[in-house]
1. Any idea how many residues of segment 193-216 are in contact (Cβ under 8 Å) with a residue 60 or more places away in the chain and not aliphatic (A, V, I, L, M)?
2. Can you name every one of the strands (runs of 3 or more DSSP E) wholly within segment 48-135 that holds 1 or more residues which are among the aromatic types (F, W, Y)?
3. List every residue pair whose Cβ atoms lie under 6 Å apart, where the two residues are 6 or more positions apart in sequence or sit on different chains, the first residue falls within segment 3-31 and is buried (at least 19 other Cβ atoms within 10 Å of the Cβ), and the second residue, located anywhere, is assigned to a helix (DSSP H, G or I) and among the basic types (K, R).
4. Please specify each residue of segment 369-387 satisfying the condition of being open to solvent by 70 Å² or more (accessible area, probe 1.4 Å) and either without any contact (Cβ under 8 Å) to a residue 60 or more places away in the chain or under 21 Å from G335 (Cβ atoms) (or both).
5. Filter segment 279-306 down to the residues that are open to solvent by 10 Å² or more (accessible area, probe 1.4 Å), closer than 21 Å to D361 by Cβ and part of a helix (DSSP H, G or I) and list them by number.
6. Given the conditions (1) at pLDDT 95 or above; (2) in a loop (DSSP other than H, G, I, E, B), which single one is not true for L357?
7. Restricting attention to segment 32-53, and to residues there that are at pLDDT below 95 and among the polar types (S, T, N, Q), which single residue is surrounded by the most Cβ atoms within 10 Å (Cβ to Cβ)?
8. Is it the case, given these coordinates, that G442 is modelled with pLDDT under 95 and either in contact with a Leu (Cβ under 6 Å, 6 or more places away or on another chain) or farther than 19 Å from E336 by Cβ (or both)?
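The values are calculated or read from the model by the stated rules, or taken from the named source; none is laboratory data. Remember, predicted model here, so these are calculated numbers, not experimental data. Cβ placement follows ideal geometry from the backbone for every residue including glycine, while neighbour counts extend to all protein chains displayed. What goes into the accessible areas is simple: the full protein's heavy atoms, side chains included, and nothing from ligands, DNA or RNA. Shrake-Rupley method; radii C 1.70, N 1.55, O 1.52, S 1.80 Å.
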Amino acid sequence: MATQIKFGTDGWRSNIAGDYTFESVKRCGQGFSNYLNSLDNKNRKVVVGYDMRFLSENFARSVSEVLVGNGFQVFLTTCATPTPVISYSVVNINAIGAVNITASHNPPTDNGFKVRNETGGAIAPEGLKLIEEFIPKKYSEVKTLAYSDAVEQGLIKLFDPAPEYISHIRELIDLDPIKNAGINILVDSMWGNGAGWFPKLLGGGKTTIDEIHNTRNPIFPEMIRPEPIPPNVDVGLQEVVKRKFDVLLINDGDADRFGLGDENGNFINQLEVFGLLAYYLLEVRKFRGPIVKTLSTTSMLLQLGEIYNVPVYETGVGFKYVAPKMVETDAIIGGEESGGFAFRGNVPERDGILAGLYILDLMVRLNKKPSELIDLLFELVGPHYYDRIDQKFTGDKQEKIEKIINSKPESIAGLKVTDFSDQDGYKFSFEDRGWLLIRFSGTEPLIRVYCETTHKDKVQAILTSGLKIAGLEK
């Protein structure tokens, strides 16, 4: 019996040699081909890229064989390529979409099948549902053309997307002041596609750029997974202190997410980074326009929106919601709790490379180190504190959902509850503009509890209350 394939936020991810096989990947390729053929669009160009995980380049070739077998012309990257570079290539080549073989920040046992539309951004939920429905149940329904024949016929073109992407980045930011600032940068590429990119963009001046975890190693040593949060980033933070770097830049496995460490070896969480990036665009670059945030990220953005008189739109969790809203509103920035940020002038896709460059530009323009930037942000909006707990559960999921909905607490950890929303999770808002969010994983029996508050001493109490509301703590 064929593997049942369910598309999540960006596509499909599963365990290599379990559900994720060449046959399953080709079925996904057929489903995406059927979806593209259903669109009212005669464009036949599709970009295909891949990451540094086990057999990714081979899976990418298999997908390419299916796409050309269905009448598309494939532009296949010559090497493992960051997701934002693949996404930009869609626009630059004027393609109808892209397939990216990557499992992003997942454990080393996984691989994935990401899809993108003609803007280079995430495909909206209804589109993902259609792709899933178009995936054939039988492998015999998959159409292919052998890779060697497709290359010989010019239907698969190998290309290097780096030069065009770099030219595009230079239109968005002046790199020379960063090159010549004389700052010492450490980059943790997390064994992924971001390796070599910051030296390529910033090398040749007074600034120094050193990298760690910058070769291919699909088992991801010194971390649980290539996700730019502790404890995965602890080695890099320790190196900052030991070797006296000014900043730590971190990219996840496919370089669409961004993490940050300060000069003292402290991790700056993704909500704080989102605040810094919005501040940079509004205050330093003087941009004006909407901000798009997921409901699971910082309320500091609401305050920045008021200070700079720009609207802030809140969406469900994931770039399948953020990207369409950014396009609709011409937003200057969009982002999520996991460290994915997109920017006006670029494609509506998370770009961990551009996010890192913007943080460096903020440091150079204001002549401040990362810890000083956080102090500056908190002077403007007040200190905010964030944490998250992921906990597995047993029993009936619907029963727990009903328990959450019916809880109706007047206060949580001593903070008055001012609002409740069940949009893509269950969110309790507080009088201090803080919040508690409870969400269920779509792929495993896991509850995620997040919170943000202006009261540092209440963070753990809020998270514990969230677990109790969901029936996981007595």
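1. Of the residues in segment 193-216, 5 are in contact (Cβ under 8 Å) with a residue 60 or more places away in the chain and not aliphatic (A, V, I, L, M).
2. Hits in segment 48-135: 73-77, 110-116.
3. T9/K320
4. Initial filter on segment 369-387 (open to solvent by 70 Å² or more (accessible area, probe 1.4 Å)): 369, 372, 375, 379.
Of everything in segment 369-387, those that are open to solvent by 70 Å² or more (accessible area, probe 1.4 Å) and either without any contact (Cβ under 8 Å) to a residue 60 or more places away in the chain or under 21 Å from G335 (Cβ atoms) (or both) turn out to be E372, D375, E379.
5. Y279, E283, V284
6. Unmet condition: (2).
7. The selected residue is N43.
8. no
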